[in-house]
């Protein structure tokens, strides 16, 4: 039976989240759905016990598989998973389940309305430090001005694509690609910006829907470092556009 939904979960040193039930919560939700699904845990060259724990989980739970990749950061890891997925709709979501998997219920109806991409938008950012909220507001103004991306939240790690739209976008990425990306545990903002900018150039229909989101202790986000990298990548995308690298 053809897979309807693929869920891609990038993993870099996620031993703690796996031990505390992150994958189990995804399974408990999906096992009750009537459509065929798969979950791809894509390891980004973790240095802890992530791979062994994920493989142990997979042996006991149908529908899950593990893909091991060399370490290159979240961008390249997500792309590898998206291109390996088999579902007609492909979602990438964070391991820590800051946005719970059940929020997919808000996403899927939009595809029936003709959208190619549906992105989650964090409501209120409950529990997030003030500095993250302030930086997010300033960044939203800049990305609208520089890249004409009019979304409230481009950085939520909960985005779904029609499979053909996913392949079309990820094969055209320049800053991030299946074989390139940032080192470390970075959640580089430029990755999401490049996705949405290419989607706009391709004239794909994008919907933004509010989703539940909870700040998680131990998050890999570093407001200063990631804010600087996001700003840098924002202008990289603009520069590539001026050079005609995204001409479709």
task: Please say if the stretch 1-54 is rounded, prolate or oblate, where rounded means a/c under 1.5 for a ≥ b ≥ c the square roots of the C-alpha gyration tensor eigenvalues, and otherwise the choice is prolate for a/b larger than b/c and oblate otherwise?
output: oblate
- request: With a/c under 1.5 counting as rounded, go ahead and sort the stretch 13-95 into rounded, prolate or oblate using the C-alpha gyration tensor (a ≥ b ≥ c being the square roots of the eigenvalues; past the cut-off, prolate if a/b is larger than b/c, else oblate).
  value: oblate
Which of 209, 123, 42 has the fewest Cβ neighbours within 10 Å, and the rest in rising order: 123, 209, 42
task: Give me 1, 95 ranked fewest to most by other Cβ atoms within 10 Å of their Cβ, as a rough exposure proxy.
output: 1, 95
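Would the stretch 52-101 count as rounded, prolate or oblate if I go by the C-alpha gyration tensor, calling it rounded below 1.5 in a/c and otherwise prolate when a/b exceeds b/c, oblate otherwise?
The shape class here is rounded.
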- prompt: Alpha carbon centre of the stretch 4-51 versus the stretch 53-87: separation in Å?
  reply: 8 Å
query: Peptides 68-76, 46-54, 27-35: what's the order by average Cβ count within 10 Å, highest mean first?
result: 68-76, 46-54, 27-35
- prompt: Given R₀ = 22 Å, FRET efficiency for residue 35-residue 152 by Cβ-Cβ distance, to 0.05?
  reply: 0.15
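A short reminder: the numbers here are calculations on the coordinates, not readings from a lab. Quantities reported herein were computed from a predicted structural model and do not represent experimental measurements. Positions of Cβ are backbone-derived with ideal geometry, glycine not excepted, and every protein chain shown enters the neighbour counts.
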